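J.: One structure follows; several queries about it will come next.
The values are calculated or read from the model by the stated rules, or taken from the named source; none is laboratory data. The shown structure was predicted, so the numbers you read here are calculated from the model rather than taken from an experiment. With ideal geometry, Cβ positions are generated from the backbone for all residues, glycine too; neighbour counts draw on all protein chains shown. Surface accessibility is based on the protein's heavy atoms, side chains included, excluding ligands, DNA and RNA. Shrake-Rupley method; radii C 1.70, N 1.55, O 1.52, S 1.80 Å.
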Amino acid sequence: MKRVVLPLLALGLLTSAASAQTLRIGLAEDPDILDPTLARTFVGRIVFMGLCDKLLDIDKDLKLVPQLATEWSWSPDQKSVTFKIRPNVKFHDGEKLDAEAVRYSIDRHLNLQGSFRRSEINVVKAIDVVDPQTVKVSMDAPFSPLLAQFTDRAGMVLSPKAAKEAGPNFGAKPICSGPYKFVERVQQDRIVLEKFKEHWNAGAYGFERVTYLPIVDGTVRLANLRSGQLDMIERLQASDVAEVKKDARLKFVSQTGLGYTGITINVANSDRAKSNVLAKDKRIRQALELSLDRDAINQVVFNGEFRTGNQWVPPTNPWYVKSVPTPKRDVAKAKELLKAAGVTNPSFTLMVPTGNEAQQVSQVVQAMAKESGFDVKIQQVEFATSLQAAQKGDFEAFFIGWSGRVDPDGNLTSFIACDGGNNDGKFCNPQVTAALAETRSTSNFEQRALAYEKIAKVNADEMPRIYLYHATLFYAMNPKVDGFVAVPDGLIRLSGMKMN
Amino acid sequence: MLTYIVRRILISIPTIVFVSIVVFGLQLLLPGDPALALAGEERDPAVIAELRRVYHLDEPIWKQYLIWVGNVLQGDLGESIRLKLPVGDLVTAKLPVTMQLASMAILIAICIGIPMGIISAVKKETPLDYAANVVALSGISVPSFWLGIMMILLFSVHLGWLPASGFVKPTESLSQNLQTMIMPAFVLSSVTTAIFMRHTRSAMLAVLRSDYVRTARAKGLREPRVIFRHALRNAIIPVVTLGAIQLGELMSGAVLTEQIFTIPGFGKLIVDAVFNRDYAVVQGVVLCTATGFIFLNLCADLIYFLVNPRMRG
């Protein structure tokens with residue numbers, strides 16, 4: 001017996017010593033292609049944080065911080081921005097990262113067939129290499145959200161040599177300049193990265209290897225963490241939060257995300273809007289909002305872990321308009337508004353994508369609205385189908401979320417601009433259009449904030465969308481994992497992380 | 001023999017063609033615009049239009065089908081829209097994983113189900129028979145996702161004996177491969193074990209009542225010889241056919257098991273593809289599964305042909 005047990009123990013000790021150098025992260029989904037130009041999933045962005053450096057990054061307060069660009073400045077007319085590129089940076093293939101590589105990467109994001117980055121930076125009209133360490137990006141018109149776009153995949157710089165050689169297959173073996181280099185990927189099983197010793201900030205990264213393991217089922221993901229198969233998991237289920245908080249063998253971290261969930265109202269899209277009672281009078285929409293107790297929804301469905309709100313950014317966000325606070329539930333006033341609008345029992349259908357949480361929230365909404373006289377019919381629809389119906393205008397009210405962007409423009413313009421791609425309700429207001437243009441035309445915080453205040457007031461009055469809550473991002477980890485800082489974009493930044 | 005094989009293969013061809021039409025047609029019935037589902041949150045109209053063009057989503061359905069069939073006949077199953085990888089490569093990479101899982105499951109089912117069925121028949125209406133029936137009924141009625149999660153909690157979280165999920169290739173480490181596969185294989189085998197047990201039991205009961213078994217006993221043969229040499233040999237024939245069907249069933253049953261245990265096989269591939277409207281992957285995987293199923297049935301017929309001398313007459 002001893003003969004068997006001793007080698008096994010020795011093997012166990014060796015395994016744990018080796019795994020101390022490896023960080024194993026459980027992901028909620030399997031990422032799509034690992035090409036920053038062609039990728040489109042949130043989960044893929046988590047992996048890119050290890051693989052590819054970007055021009056800029058954000059910190060936990062959403063402030064822009066340098067990464068590959070050490071400095072940046074807007075031109076006086078706000079139509080171009082100049083980046084100073086960090087010197088002595090190398091790609092994983094040993095090639096030098098310079099201004100030309102930055103130009104190549106932005107150009108690839110703009111022009112590669114099938115690029116999902118084009119729509120994010122299509123305002124860019126020219127990319128000029130000023131000198132080997134300086135790049136100037138120009139636009140036809142001012143567009144202040146551009147810098148925020150460079151904090152994500154559109155700002156990732158790829159090795160031009162590797163990208164040219166690999167063509168559309170770059171994602172099979174991505175070569176960037178991030179703190180970790182690609183080792184292998186087994187589809188739907190694991191992605192393995194290894195520390196890039198020549199990284200410009202290699203000292204800040206404590207693990208020799210990082211392995212990402214997609215485990216879709218939240219319960220199984222947590223079980224893997226508990227059994228020691230994983231060191232950290234993202235997107236812990238809200239229903240598991242209380243249990244994890246109590247468990248001394250686990251560490252819990254949370255952060256309010258950038259996104260929101262709300263109800264989009266079809267005010268002018270297709271014939272369905274004409275028969276939609278919610279589109280007839282803004283007072284009916286206001287009454288619906290006043291019927292809802294956002295805090296109760298949060299308590300009932302999310303154990304109070306989410307953050308309620310009435311705008312496109314959460315109240316913790318620097319862009320939140322404080323002068324337009326979340327109204328309290330007021331059923332009496334809601335009934336008055338309905339009476340003034342000439343309806344007593346308005347009936348509408350709430351289209352809800354399938355999923356437990358969405359279903360629960362919609363049922364709470366239904367029950368609350370009923371007290372004011374609303375008859376809410378819940379229509380559960382598979383997600384892709386609901387998107388199609390929303391785009392066609394085949395809905396009255398649509399329960400839908402948005403994952404969120406760093407710049408508030410990304411949470412707002414395409415949803416509220418008259419020609420916005422995500423403006424499913426086809427709300428169109430000239431005041432909003434003018435204010436949106438103002439927000440884009442300047443990088444001055446105060447000026448932009450004033451324009452957003454105008455939009456918040458219009459939204460609170462016209463109510464084309466009832467914002468309900470902002471999801472909190474939950475992480476659970478082995479207590480020995482140290483140095484993790486949760487940032488509102490939900491990505492796992494490996495800088496400063498180590499195993500104690 | 002050769003004529004029989006050729007005839008069976010020829011009969012399989014229209015089945016595969018029919019399956020290809022059904023696969024193609026059914027997924028087109030799936031509501032929702034695939035281009036919209038694939039375009040990402042931004043829903044950029046230019047991206048949507050390009051997706052439609054590149055993946056022929058703007059063509060009439062019959063033309064899409066002909067393009068696909070034409071490519072399949074040339075050995076090209078298309079490209080995964082989501083992963084930008086050839087479907088053929090994905091199938092080749094995932095098939096052995098699911099095959100291993102299904103084979104292990106069927107092995108477990110044979111090793112447990114058939115002996116349980118024999119014991120149950122021989123010891124009819126004894127506590128052993130009742131216990132075997134309870135086990136069989138539990139295997140059929142307990143949902144595999146529940147059983148899987150319970151096993152993870154017991155063997156991984158509480159006892160720490162086995163990894164909760166994941167997969168290691170047998171070429172990398174056979175022992176780790178077996179450690180990762182044993183729980184999913186057991187979960188996957190639960191229904192099949194029960195079915196094998198029930199079928200073996202009823203077949204054995206029928207055979208044990210037959211005249212030739214009575215004659216064998218009258219000749220003074222020892223009971224084990226009667227059971228294994230005479231009764232089981234005949235009783236096992238329908239179980240062989242059932243085994244082939246069950247192997248096919250296990251391939252599809254693996255969808256849920258692979259999802260729970262995060263085994264990167266066919267099941268996980270198809271689930272992800274369906275939710276992402278990755279049509280090329282769905283078509284490729286279902287076509288390969290259906291072809292495999294037909295092939296397995298063909299093999300079962302051939303084994304049946306070999307096992308049962310009356311078929312050769």
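J.: Quick one: A:Thr326 ticks every box in (1) β-branched (Val, Ile, Thr); (2) farther than 29 Å from A:Val487 by Cα; (3) without any contact (Cβ under 8 Å) to a residue 40 or more places away in the chain; (4) not in a helix (DSSP H, G or I) bar one, so which box is it?
T.: If we test A:Thr326 against (1) β-branched (Val, Ile, Thr); (2) farther than 29 Å from A:Val487 by Cα; (3) without any contact (Cβ under 8 Å) to a residue 40 or more places away in the chain; (4) not in a helix (DSSP H, G or I), just (2) comes out false.
J.: Do the conditions hold for A:Asp217, that is, is it open to solvent by 20 Å² or more (accessible area, probe 1.4 Å), within 14 Å of chain B (Cβ to nearest Cβ), in contact with a Phe, Trp or Tyr (Cβ under 9 Å, 6 or more places away or on another chain) and touching a residue at least 12 places away in the same chain (Cβ under 8 Å)? Give the steps one after another, and end with the answer.
T.: Working: open to solvent by 20 Å² or more (accessible area, probe 1.4 Å): yes; within 14 Å of chain B (Cβ to nearest Cβ): yes; in contact with a Phe, Trp or Tyr (Cβ under 9 Å, 6 or more places away or on another chain): yes; touching a residue at least 12 places away in the same chain (Cβ under 8 Å): no.
In short, no.
Each row is one residue, and each column tells you yes or no for (1) more than 8 Å from chain A (Cβ to nearest Cβ); (2) open to solvent by 30 Å² or more (accessible area, probe 1.4 Å); (3) touching a residue at least 24 places away in the same chain (Cβ under 8 Å).
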residue: B:Phe24; (1), (2), (3): yes, no, yes
residue: B:Leu29; (1), (2), (3): yes, yes, no
residue: B:Pro34; (1), (2), (3): no, no, yes
residue: B:Leu38; (1), (2), (3): no, no, yes
residue: B:Val47; (1), (2), (3): no, no, no
residue: B:Tyr55; (1), (2), (3): yes, yes, yes
residue: B:Ile61; (1), (2), (3): yes, yes, yes
residue: B:Tyr65; (1), (2), (3): yes, yes, yes
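J.: If the requirement is being over 26 Å from B:Leu147 (Cα atoms), open to solvent by less than 50 Å² (accessible area, probe 1.4 Å) and among the small types (Gly, Ala, Ser), which of these qualifies: B:Ala231, B:Ala254?
T.: Among B:Ala231, B:Ala254, only B:Ala231 is over 26 Å from B:Leu147 (Cα atoms), open to solvent by less than 50 Å² (accessible area, probe 1.4 Å) and among the small types (Gly, Ala, Ser).
J.: Show me the strands (runs of 3 or more DSSP E) found entirely inside the stretch A:15-119 where at least 2 residues are open to solvent by less than 40 Å² (accessible area, probe 1.4 Å) and more than 29 Å from A:Gly206 (Cα to Cα).
T.: Per the criteria, A:80-85.
J.: What's the total number of residues in the stretch A:205-249 that are over 30 Å from B:Leu269 (Cβ atoms) and among the charged types (D, E, K, R)? Step through it out loud before you land on a result.
T.: So the first thing to find is which residues in the stretch A:205-249 are over 30 Å from B:Leu269 (Cβ atoms), and the list is A:205-206, A:208, A:241-249.
Of the ones still in play, those that are also among the charged types (D, E, K, R) are A:208, A:243, A:245-247, A:249.
Residues in the stretch A:205-249 being over 30 Å from B:Leu269 (Cβ atoms) and among the charged types (D, E, K, R): 6 in total.
J.: Okay, next question. Between A:Val321, A:Val301, A:Val313, which is within 22 Å of the chain's Cα centre (by Cα), over 26 Å from A:Phe395 (Cβ atoms) and buried (at least 21 other Cβ atoms within 10 Å of the Cβ)?
T.: The match here is A:Val321.
J.: Applying the selection to the stretch A:190-201, what residues are in contact with a strand residue (DSSP E or B) (Cβ under 7 Å, 6 or more places away or on another chain) and either closer than 20 Å to A:Leu68 by Cβ or within 14 Å of chain B (Cβ to nearest Cβ) (or both)?
T.: Those that are in contact with a strand residue (DSSP E or B) (Cβ under 7 Å, 6 or more places away or on another chain) and either closer than 20 Å to A:Leu68 by Cβ or within 14 Å of chain B (Cβ to nearest Cβ) (or both): A:Arg190, A:Ile191, A:Val192, A:Leu193, A:Lys195, A:Phe196, A:Glu198, A:Trp200.
J.: Might you check whether a residue that is modelled with pLDDT of 95 or more and among the charged types (D, E, K, R) occurs anywhere in the stretch A:110-117?
T.: no
J.: In this structure, is B:Val226 touching a helix residue (DSSP H, G or I) at 6+ places or on another chain (Cβ under 6 Å) and open to solvent by less than 50 Å² (accessible area, probe 1.4 Å)?
T.: So B:Val226 passes the test.
J.: Now for a separate question. Filter the stretch B:168-178 for residues that are more than 17 Å from B:Leu95 (Cα to Cα) and within 11 Å of chain A (Cβ to nearest Cβ) and give the result.
T.: Scanning the stretch B:168-178 gives B:Glu172, B:Ser175, B:Gln176.
J.: Kindly indicate whether A:Ala341 is surrounded by 23 or more Cβ atoms within 10 Å (Cβ to Cβ) and in contact with a helix residue (DSSP H, G or I) (Cβ under 6 Å, 6 or more places away or on another chain).
T.: No; evaluated as a whole, the condition is false for this residue.
J.: What about B:Asp89, is it surrounded by fewer than 18 Cβ atoms within 10 Å (Cβ to Cβ) and more than 27 Å from B:Ser189 (Cβ to Cβ)?
T.: Yes; evaluated as a whole, the condition is true for this residue.
J.: When only residues in the stretch A:444-500 that are part of a loop (DSSP other than H, G, I, E, B) and open to solvent by 50 Å² or more (accessible area, probe 1.4 Å) count, which is farthest from A:Asn423 (Cα to Cα)?
T.: Within the stretch A:444-500, the match that is farthest from A:Asn423 (Cα to Cα) is A:Asn500.
J.: Continuing with the same structure: Please work out if B:Leu188 is buried (at least 19 other Cβ atoms within 10 Å of the Cβ) and touching a residue at least 24 places away in the same chain (Cβ under 8 Å).
T.: Spelling it out, B:Leu188 is indeed buried (at least 19 other Cβ atoms within 10 Å of the Cβ) and touching a residue at least 24 places away in the same chain (Cβ under 8 Å).
J.: So B:Ile245 clears everything in (1) modelled with pLDDT of 80 or more; (2) out of contact with any helix residue (DSSP H, G or I) (no Cβ under 6 Å at 6 or more places or on another chain); (3) β-branched (Val, Ile, Thr) except one condition, right? Which one?
T.: (1)
J.: Of the residues A:Lys90, A:Lys164, A:Lys125, A:Lys173, which single one is within 14 Å of another protein chain (Cβ to nearest Cβ) and of a type in the set (Lys, Arg)? Step through it out loud before you land on a result.
T.: Numbers: A:Lys90 fails: within 14 Å of another protein chain (Cβ to nearest Cβ); A:Lys164 fails: within 14 Å of another protein chain (Cβ to nearest Cβ); A:Lys125 fails: within 14 Å of another protein chain (Cβ to nearest Cβ).
The unique qualifying residue is A:Lys173.
J.: Can you run down the residue pairs with Cβ atoms below 7 Å, 6 or more apart or on separate chains, where the first is in the stretch B:146-167 and at the interface with chain A (Cβ under 7 Å from one of its Cβ atoms) and closer than 15 Å to B:Phe186 by Cα and the partner is open to solvent by 70 Å² or more (accessible area, probe 1.4 Å) and in a helix (DSSP H, G or I)?
T.: Partner pairs satisfying both residue conditions: B:Pro163/B:Gln179.
J.: Looking for whichever is within 25 Å of A:Val43 (Cβ to Cβ), of a type in the set (A, V, I, L, M, F, W, C) and under 27 Å from the mean Cα position of the chain (by Cα) here; the options are B:Ile81, B:Ile16, B:Ile5. Which one fits?
T.: Values: B:Ile16 fails: within 25 Å of A:Val43 (Cβ to Cβ); B:Ile5 fails: within 25 Å of A:Val43 (Cβ to Cβ).
After ruling out the rest, the residue left standing is B:Ile81.
J.: Within the stretch A:235-281, which helices (runs of 4 or more DSSP H) (wholly inside it) include 1 or more residues that are touching a residue at least 24 places away in the same chain (Cβ under 8 Å), farther than 25 Å from A:Leu387 by Cα and open to solvent by 50 Å² or more (accessible area, probe 1.4 Å)?
T.: Helices (runs of 4 or more DSSP H) meeting the threshold: A:241-246.
J.: Return the residues of the stretch A:412-443 that are under 18 Å from the mean Cα position of the chain (by Cα), open to solvent by 10 Å² or more (accessible area, probe 1.4 Å) and modelled with pLDDT under 90; say none if nothing qualifies.
T.: A:Ser414, A:Gly421
J.: Does the stretch B:112-133 contain any residue that is modelled with pLDDT under 85, outside any loop (DSSP other than H, G, I, E, B), open to solvent by less than 40 Å² (accessible area, probe 1.4 Å) and acidic (Asp, Glu)?
T.: No; the residues of the stretch B:112-133 include none that is modelled with pLDDT under 85, outside any loop (DSSP other than H, G, I, E, B), open to solvent by less than 40 Å² (accessible area, probe 1.4 Å) and acidic (Asp, Glu).
J.: Identify all residues within the stretch B:208-221 that are closer than 18 Å to B:Ile118 by Cα and either loosely packed, with under 10 Cβ neighbours inside 10 Å or touching a residue at least 60 places away in the same chain (Cβ under 8 Å) (or both); write none if there are none.
T.: B:Leu208
J.: Which residues, taken from the stretch A:379-411, are without any contact (Cβ under 8 Å) to a residue 60 or more places away in the chain, in a helix (DSSP H, G or I) and either surrounded by fewer than 22 Cβ atoms within 10 Å (Cβ to Cβ) or among the β-branched types (Val, Ile, Thr) (or both)?
T.: The answer is A:Phe383, A:Ala384, A:Thr385, A:Gln388, A:Ala389, A:Gln391.
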